[in-house]
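Participant: Have a look at the structure that comes next, please.
The values are calculated or read from the model by the stated rules, or taken from the named source; none is laboratory data. Model, not experiment: these values are computed from the prediction. Cβ atoms come from the backbone with ideal geometry, glycine included; neighbour counts cover every protein chain shown. Side chains are part of the model used for accessible areas, which takes the heavy atoms of the whole protein and leaves out ligands, DNA and RNA. Shrake-Rupley method; radii C 1.70, N 1.55, O 1.52, S 1.80 Å.
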Amino acid sequence: MSSVETYSVRVADPGDNKSVSDLLSASYPVLLAQHYEPHLLSMALPLITNANPHLLASGTFYVAMTAPGE
């Protein structure tokens with residue numbers, strides 16, 4: 001028997017900044033490691049793992065959650 005995950009999707013807002021940044025910080029180092037030299041990645045990660053508050057407030061970005069707060 002397989003498990004089915006249910007997601008809810010909503011427009012992102014500035015309050016999602018920490019959660020989105022945490023997700024970027026957890027995923028980008030793993031996903032980008034095979035594509036960039038370690039010294040380049042170490043310089044880029046601090047810049048690209050912080051959610052852009054202007055984008056979160058734009059009304060054009062969405063977040064998907066599996067449960068409240070995830």
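Participant: Looking only at residues in the stretch 15-47 that are charged (D, E, K, R) and within 26 Å of residue 61 (Cα to Cα), which one is nearest to the chain's Cα centre (by Cα)?
Facilitator: Filtering the stretch 15-47 for residues charged (D, E, K, R) gives 16, 18, 22, 37.
Those still in the list that are within 26 Å of residue 61 (Cα to Cα) too: 16, 18, 22.
Values: 16: 10, 18: 9, 22: 7 Å.
Per the criteria, the residue is 22.
Participant: Still on this structure, please answer the following. Please specify each residue of the stretch 42-68 satisfying the condition of being closer than 24 Å to residue 3 by Cβ and either in contact with a strand residue (DSSP E or B) (Cβ under 8 Å, 6 or more places away or on another chain) or open to solvent by 40 Å² or more (accessible area, probe 1.4 Å) (or both).
Facilitator: 62, 63, 64, 65, 66, 68
Participant: Now a separate question. Which helices (runs of 4 or more DSSP H) does the chain wholly contain that include 3 or more residues that are without any contact (Cβ under 8 Å) to a residue 40 or more places away in the chain and out of contact with any helix residue (DSSP H, G or I) (no Cβ under 9 Å at 6 or more places or on another chain)? Reasoning before the result, please.
Facilitator: On the way: elements: 17-32, 38-48, 53-56.
Ranges flagged: 17-32, 38-48.
Participant: Hey, can you tell me all the residues within the stretch 1-41 that are surrounded by 11 or more Cβ atoms within 10 Å (Cβ to Cβ) and of a type in the set (Asp, Glu)?
Facilitator: 13, 16, 22
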